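Where a number appears in this text, it was derived from the coordinates with a stated rule and is not lab data. Nothing here was measured: the structure is a model prediction, and the numbers come from that model. Cβ placement follows ideal geometry from the backbone for every residue including glycine, while neighbour counts extend to all protein chains displayed.
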Amino acid sequence: MSPSRKGQKVDQILHMSAKELSRLEIIQRLKEKRLRQKEAAQLLSVGVRQVKRLLRAYREAGAEGLVSKRRGRASPNQLDEKVKRKALKLLHGKYKGFGPTLACEKLVEVDQLSISDESVRQIMMAEGLWTARKVPQQVVHQMRERRACLGELVQMDGSPHAWFEDRGPFCTLLVLIDDATGKLLGLLFVDQESFHNYAGLVRTYLKRYGKPLAFYTDKHGIFRVNQVSREKGQAQTQFGRAMQELGIELLCANSPQAKGRIERANQTLQDRLVKEMRLRRISSPEQGNAYLPDFIDDFNSRFAVPPRSSHNAHRPLSTLENLSHILTWQEARILSKNLTLQFKKVVYQIQTKPSSYALRQAQVTVCEDAQASVLILYKSRELPFTVFHKQERLAEIVDSKNLNPVLPMRTKLHKPAPDHPWRNRASFSLPKPTNNS
C-alpha cells in the first residue's frame, strides 16, 4: 500500500473496552435522534451533563473521543519509586517476618512513609515475603452477639507462648478482655497459670475498673473442679471461692469456640505483641510487664469498639471487701488444745493470753499469699502466731501442666570450651600399628 497523501486521514485501529463499545453504540443512537439524553444517561448510569460532554466529544473526534485519555499512561496514584525502595529495605531488614498490616503501621508511624497497607501487601507478595493464606473450610458455629455494656462479661484466659522468642524464657500471658467492646482490661506475664498469678492480675483489674458482673473462663482446674468424685464440700476452687466472696459470677465455657473472642485476641497478641517487643528489644517478663500498659492503650485505640449501651456495669469495691484477705489461698484448720495448727509442713502456735482458752477446738482460716506469707483469721480477725516447728520438705507432687516451670528445660546445649580435649582430635587418634602386630 502506498503512503497516504498529505491532508488525507489515515485509518487508525482503536482499542476499546466493552464498556466503551457500549457507550459508542448509545451515543450513536443519541446522535441519530433515536434516543433522548435522559434515557442515554440512565443507560450509561451517568448524569445528563456527562452525556452532553460525551456527545460533544463524539461529534468532534468520532469514536476516538470516547476512548479513555488515560490509557497507556502511568497512574498518578502509583507508589513513588523512592518510597518503594525504602519500604523494601525495611521489610527485608527491621520488619522481616511482619504481616502486611502491622508492617504498614510501622512504616507510616515510625518511618514516616506515605504508603497504604495494600501497597505493602502487594510488595511483600511480589518479593515472596508474605503469602496469602488459604482459609480452610471450618465448621460454622453460631455467632454470639456481644454483651451490651462494659463490665457485663469479662473473658479471662492464659496463653503459653515464646513471647520473647529466643531472647528470653518461655512464659504465659494472662489476658482479660471485655466482651462488649473487645477492650483489653489487663495483661500480665507470669511463669505459669496458677491461682496466685490470676489473683494478682484480678487484683490490679478490680482496683482500676471495679467488679464486673461475671468472668468467662475455660475449664482449667483453677476455675472449676473437674474431679466428680470429690465431696460436695470440696466442689469449689480457691478462685471460685474468692469470686463468690466478691459477688462476681464465674462462668466456664464448654469449648474454645464458645470464648472465641479471647482466643482470637490471643492470636493477635502472639503476632503483634511479640514483634513490638522485638523492636524494643524486650527480653524478660519484668521488662514486658513494664511495657504492657503502653501496648494496651495502643491496642484498644485500634481495635476496641463502642458498646451498644453507655452504661458501665462495673461495681465499686466496698470497704468490707479486703482483697488482701480474699485473694489468698485459704484453708480451714481446727486449733488443738495447745492452740497449734499445721499448714504445709509447718506447725504454728497461736499467741494469746493465758486466760483465753476459748480458741480451743476453734475453726480458723489460714491465708497464704503469693509471697508465701501466712495469715491466720478467726471470725475475720487476725490472730498473732509464731512458727513452732517446720518439718523437712518431702518430695513434691507436680502435675504435667506445671512441670516445665518447676523443672525448666535447657534451651541451649552445652558448648565445650575452645581448649577442651574433645576439640583436640590428635589426642584421641589411634596408635599406629607396629611391624610386630
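How do Ile26, Ile177, Ile296, Ile13 line up, fewest other C-beta atoms within 10 Å first?
The fewest-first ordering by Cβ neighbours comes to Ile13, Ile296, Ile26, Ile177.
Electrostatic tally near Ala180: other residues with Cβ closer than 15 Å to its Cβ, Lys and Arg +1, Asp and Glu -1, net +3. Computed with the Debye formula from one identical point scatterer per Cα of the stretch 81-127, without solvent, the log10 of I(q)/I(0) at q = 0.26 Å⁻¹ comes to -0.93. If you take the Cα atoms of the stretch 17-115, find Rg, then find the Kirkwood Rh from the mean of 1/r over all pairs, what is Rg/Rh? A ratio of 1.32.
Note on the stretch 154-303: the alpha carbon radius of gyration divided by the globular reference 2.2 N^0.38 Å gives 1.07. A straight Cα-to-Cα reach below 19 Å connects Lys52 with the aspartates and glutamates Glu20, Glu25, Glu32, Glu39, Glu60, Glu64, residues fewer than 8 places away in its own chain not being considered.
Residue-normalised convex hull volume from the C-alpha trace of the stretch 18-66: 58 Å³ per residue.
Distance from the C-alpha centroid of the stretch 274-351 to that of the stretch 206-222: 10 Å, rounded to the whole angstrom.
Counted by neighbouring Cβ atoms within 10 Å, the residues Lys259, Lys33, Lys345 run from fewest to most as Lys33, Lys345, Lys259. Lys-Lys pairs in the stretch 54-146 that are eight or more residues apart or on separate chains and whose Cα atoms lie under 21 Å of each other come to 12.
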